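S.K.: Input: one structure, supplied below.
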Amino acid sequence: NAGVTQTPKFQVLKTGQSMTLQCAQDMNHEYMSWYRQDPGMGLRLIHYSVGAGITDQGEVPNGYNVSRSTTEDFPLRLLSAAPSQTSVYFCASSYFYEQFFGPGTRLTVL
Amino acid sequence: DAKTTQPTSMDCAEGRAANLPCNHSTISGNEYVYWYRQIHSQGPQYIIHGLKNNETNEMASLIITEDRKSSTLILPHATLRDTAVYYCIVRVSGAGSYQLTFGKGTKLSVIP
């Protein structure tokens, strides 16, 4: 199993640009989540999904959209990038009590 | 969710036991104590979790006080690869366990 994969690993955007961060898992987990981590801070929950077709907001959802059309994929869309969205983004999938995290996407918005 | 308090940083000599404390005085009866760690720049990794009994797995032991207001994660023989930020999280188990709230954690440095 590849586990949780994320692409790209690094991305630089200009203010106002849009992009999609990809996340996929091959463990058939129903639950998936997106977190962001700013320097020196813990992770903050952006959006999560309890299954295909079902998503909900986390702690810091503004400026981000998600959709879940399949069990495997959970993309995160930045609608109009802002410098405040410069961060490291982690995707996770969960089976009951344990979350499995991807390697992260380091995003810089200029 | 119950709030947790952890020391900002700790040092541990290689080969010795690392004992990482966590206070969670407002924990509810149905909330579990989870521990994750994050090795530099990587995604967090699950270590262990428990409700009220002490737990042990291949990575660590978790000791929860009888009143459940605090807990200690024990790495029995710390190695350099255990240098990481350790997060103590309190959350309901099952369907709620995917919505984790990470604080700043404890930065553990294992020293040769």
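The values are calculated or read from the model by the stated rules, or taken from the named source; none is laboratory data. In this text, all values refer to a predicted model and were calculated from it rather than measured experimentally. Cβ atoms come from the backbone with ideal geometry, glycine included; neighbour counts cover every protein chain shown.
S.K.: If I filter segment A:77-106 down to residues being more than 14 Å from chain B (Cβ to nearest Cβ) and touching a Ser or Thr at 6+ places or on another chain (Cβ under 7 Å), which single residue comes out as modelled with the lowest pLDDT?
M.R.: Step by step, filter segment A:77-106, then rank; the result is A:79.
S.K.: OK, next. Can we say residue A:36 is within 14 Å of another protein chain (Cβ to nearest Cβ), modelled with pLDDT under 95 and part of a strand (DSSP E or B)?
M.R.: No.
S.K.: Go through A:31, A:64 for me and flag whichever is surrounded by 12 or more Cβ atoms within 10 Å (Cβ to Cβ), within 12 Å of chain B (Cβ to nearest Cβ) and of a type outside the set (S, T, N, Q).
M.R.: Only one candidate passes the filter, namely A:31.
S.K.: Now for a separate question. List every residue pair whose Cβ atoms lie under 6 Å apart, where the two residues are 6 or more positions apart in sequence or sit on different chains, the first residue falls within segment B:22-46 and is more than 16 Å from residue B:67 (Cβ to Cβ), and the second residue, located anywhere, is not in a strand (DSSP E or B).
M.R.: B:36/B:44; B:38/B:44; B:43/A:102; B:43/A:103; B:43/A:104
S.K.: Out of the strands (runs of 3 or more DSSP E) lying entirely within segment A:40-110, which hold 3 or more residues that are under 13 Å from the mean Cα position of the chain (by Cα), of a type in the set (Lys, Arg) and over 19 Å from residue B:99 (Cβ atoms)?
M.R.: Filter on segment A:40-110 gives an empty set.
S.K.: Further question on the same structure: Pick out the one residue from A:94, A:87 that is touching a residue at least 24 places away in the same chain (Cβ under 8 Å), closer than 20 Å to residue A:4 by Cα and touching a His at 6+ places or on another chain (Cβ under 8 Å).
M.R.: None of the other options fit; the residue is A:94.
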